[in-house]
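Below: the structure, in structure tokens.
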Amino acid sequence: MAGTAARAAAALAVGLLTACAAPHPAAEPERTAVDVATDGYVYGYAPVTLARTRANMLCLLPVNRLHHQSATADPTSRVVVAPNVDTLYSIAWLDLREGPVLLTHPEAGDRYFDFQFLGIYTDVFANVGTRATGSAAGAHVVVPPGWDGPLPAGAAVIESPTWDAWMIGRTLVEAQTDLEAARAVQRQYSLTVLTAPVADAPPPLPPTACGSNPDPQALAASGPQFFDELSAILAANPPPPADGPLLDELAGLGVGPGARPSAGPADTVAALATGVIRGERRIRDLVDSGEQSGAVWGSLATAGWYGTDYLQRAVVATIGLGANVPEESTYHVARTAADGSALRGEAGYLLRFPPEGPPVDDRGFWSVTVYGPDMFLVANPVDRYAVGDRTPGLVRGPDGALDVWVSSRPPVSGGSNWLPAPPGEFVLMFRSYLPTDRAWTPPEPTPQP
């Protein structure tokens, strides 16, 4: 025992001497105002994008009112990036200052449907539908943060983390012949405000200026005024506590609830302007490089819930605003071919899906959609914007594999498996709703001679 103690003491002495002799780690470099502004732009990118999208939509429909899209998306659908062409959308912008709202839906049977709820910071806080709550008729009441008032008996309660929220309903259309039946289900959805306005609610978001609202796809063009918009959001929707450290730094630049940082001292405004430029570059570099996964298909694996990963949140807002959580749907995005070259419509690419097809639940579905570089649909001569498990007329190989030809020109063998692409660069997005294997990756687009 004495020998053991001696050895331990010697080891401790050596350790202390080593620690004293070792150089101290270098101190973290002091963060500049531009560093903070750059991080602030990345932080605010998603909520400002969502608030601008809301402002544009409120020029067409009031808050707490359900709006049904009666046809699937097409190239004229340019309000939200990357619309799917598989479902009918039912949209509502919730302002819970007016009180809780009640959503009811009918029995859906075998038809896939989902109502997705996002807070103003773009995190998904609930889903109602086929996967999450079942296909039986249901009633769900959405309440504001901290609500302790009366509630209707028998309704499931969903608490929103923010006073402003976005509800996105999706109702599957099996085929064009199924469109009217899907509309009939959609018409049975209802949304009702239950109580009087909440007395101690925070101030609302600024009113919309229809015809002059800033573009949700051009945030950097606003320069330091971007931070005025972010400050208005912070006043209307207190952020989660986890955002505190960055927001404390931003407060030093005049960014805070209800503030107008663009009217601050000249040197601070200059730092904010530079932060916008650098933050935009940081987001765009990640979007363009596809570094989300380091492969041909970049996966939005953390879509819907971001924590403090503000950069990933901004990337998703850029290429798929309103993306759902992976349990509900997965998204893969490709901008390059298997050989590393940019996807271009003048070339031809083969997507070979295995005989068993992508792994989705029997109640779900999958599709691959073509977008222009701006993530909107582009008109083509056959009005086909996606191919999936419900596309009529597809021809399979002898082994059951499905070859999809993606190009601006149809394949010489015939156009039944053709997914038209625009001339020039384009983007592919693969969606699977109710995926059974979230690690599965779509086949890479392979250039063909």
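The values are calculated or read from the model by the stated rules, or taken from the named source; none is laboratory data. This structure is a prediction, so every number in the text was calculated from the model and none was measured. With ideal geometry, Cβ positions are generated from the backbone for all residues, glycine too; neighbour counts draw on all protein chains shown. Surface areas here come from the heavy atoms of the whole protein model, side chains and all, with no ligands, DNA or RNA. Shrake-Rupley method; radii C 1.70, N 1.55, O 1.52, S 1.80 Å.
Please identify the pairs in which a residue from segment 179-191 that is within 14 Å of residue 135 (Cα to Cα) has its Cβ atom under 9 Å from the Cβ atom of a residue that is assigned to a helix (DSSP H, G or I), counting only partners at least 6 apart or on another chain.
Taking only residues 6 or more apart or on different chains, not a single pair turns up.
If the requirement is being more than 21 Å from residue 55 (Cα to Cα) and of a type outside the set (Ser, Thr, Tyr), which of these qualifies: 230, 219, 246?
246
Restricting to segment 427-449, name every residue that is open to solvent by less than 30 Å² (accessible area, probe 1.4 Å) and over 30 Å from residue 113 (Cβ atoms).
Passing the criteria: only 445.
Which is closer than 25 Å to residue 70 by Cβ, open to solvent by less than 20 Å² (accessible area, probe 1.4 Å) and of a type outside the set (Lys, Arg), of 99, 169?
169
How many of the residues making up segment 38-81 are crowded, with 17+ Cβ neighbours inside 10 Å, of a type in the set (D, E, K, R) and within 27 Å of residue 193 (Cα to Cα)?
The number of residues fulfilling the criteria is 2.
Report the residue count in segment 304-313 for those that are touching a Ser or Thr at 6+ places or on another chain (Cβ under 8 Å) and either under 18 Å from residue 278 (Cβ atoms) or open to solvent by less than 30 Å² (accessible area, probe 1.4 Å) (or both).
Residues flagged as touching a Ser or Thr at 6+ places or on another chain (Cβ under 8 Å) and either under 18 Å from residue 278 (Cβ atoms) or open to solvent by less than 30 Å² (accessible area, probe 1.4 Å) (or both) within segment 304-313 amount to 3.
With the checklist (1) open to solvent by less than 30 Å² (accessible area, probe 1.4 Å); (2) part of a helix (DSSP H, G or I); (3) closer than 15 Å to residue 33 by Cβ in hand, flag the one item residue 253 doesn't pass.
In the conditions (1) open to solvent by less than 30 Å² (accessible area, probe 1.4 Å); (2) part of a helix (DSSP H, G or I); (3) closer than 15 Å to residue 33 by Cβ, residue 253 misses (2) alone.
Take residue 224 and decide whether it is of a type outside the set (Gly, Ala, Ser), touching a residue at least 24 places away in the same chain (Cβ under 8 Å) and surrounded by fewer than 20 Cβ atoms within 10 Å (Cβ to Cβ).
No: the conditions fail for residue 224.
Quick one: in segment 361-394, which of the residues that are over 18 Å from the mean Cα position of the chain (by Cα) and acidic (Asp, Glu) is surrounded by the most Cβ atoms within 10 Å (Cβ to Cβ)?
By that ranking, first place goes to 389.
Looking at segment 193-217 only, could you name the residues that are out of contact with any helix residue (DSSP H, G or I) (no Cβ under 9 Å at 6 or more places or on another chain) and surrounded by fewer than 14 Cβ atoms within 10 Å (Cβ to Cβ)?
Residues satisfying the conditions are 199, 200, 211, 212.
Specify which of the listed residues (98, 28) is modelled with pLDDT of 95 or more, at negative phi and of a type in the set (D, E, K, R).
98
Might you let me know whether segment 280-291 holds any residue that is free of Cβ contacts under 8 Å to residues at least 40 places away in the same chain, closer than 21 Å to residue 123 by Cβ and not basic (Lys, Arg)?
Yes, segment 280-291 has at least one match.
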